[in-house]
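Beneath this line is the structure, given in structure tokens, with notes to follow.
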Amino acid sequence: MPDIKLGTTAITDVRVGSTLIKEVRRGGTLVWVRSSIADFFDRDDADTMGSAWTAVGSPEYSLGVENGYARVRIPEGQLGGVFSLSISRAFFNTSALSGDNGYVECRPMSLGSSASIASPIDGYRTQVFGRVSTSGFTNGVGIEMTAGHMWICRRVSGTDARMSDGGTFQAGDQLRLTFTGNVHTLTRNGRVATTWTDSSNTVGTGSGNRRLGIRGDGAKDLLGPRRFSPALDYVVMG
């Protein structure tokens, strides 16, 4: 994440009186966060997410960094085809939440492609999960974004499901999912979009389910354009 510095010294503790400041924003844009579970993708382009992330599965094309955003990296000039959809997942491996409650936040910088022949039903999905399991990314709860629409979603035993419709989003919106017990609240630019109560406690909790994770999709139409799920400017969990 970008440092805030006094001269050459990084500032790690900001207070107003005795109150600890946890975030610094410029307008609606998060520019600094105290949490160590964050990535602003402010580095050179790469075909992987880097050492702080553990990739799950072996898609043809994986999540990486391009122009300061995270998205699936599909090179130009590919032929493509009907079965070219790449679904890529990774979880943040350097730190995790100390408890079950918290939030995940992200800033999508594109709406994402609509459904096409390679992904004819759901379109191209970006997901930002909290409560991710380290055992193969089989569980989690988070935000799903597809072609300018968003939902609260969950992942249980390796199966994704949309749990509550949050309506539309625009590129540059700040999206946050807060999870407290079994209550999950999705906000867009600080305003509540939807809530979901996991009354059956289906989302995993405990020390093995406290990671940050993301999913991205990409494909190349046969003799046509490349398609991508929404690109992310940053992700954070706290």
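Taken together, the values in this text are just the output of simple stated rules run on the coordinates, not laboratory data. A quick note: this is a predicted structure, and the numbers were derived from the prediction, not measured. When we count neighbours, we look across all protein chains shown, and the Cβ atoms used for this are built from the backbone with ideal geometry, even at glycine.
Below are the figures for this structure:
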{"item": "GluC sites (Glu not before Pro) restricted to segment 59-119 and DSSP loop, no more than 10 other C-beta within 10 Å", "result": "Glu76"}
{"item": "Under 5 Å, built H, 5+ apart or other chain: amide partners of Thr138", "result": "Ser133"}
{"item": "Distance from segment 221-237 to segment 126-204 (C-alpha centre basis), Å", "result": "18"}
{"item": "Hz values of 3J(HN,Hα) by residue in segment 147-152 - Karplus curve (6.51, -1.76, 1.60), Gly and Pro given as x", "result": "6, x, 10, 9, 9, 7"}
{"item": "Mean separation of Cα contacts under 8 Å (6+ apart) over length of segment 61-120, as relative contact order %", "result": "33"}
{"item": "Qualifying chymotrypsin sites (Phe, Trp or Tyr not before Pro) for segment 43-139 [loop in DSSP, other Cβ within 10 Å: at most 14]", "result": "Phe83"}
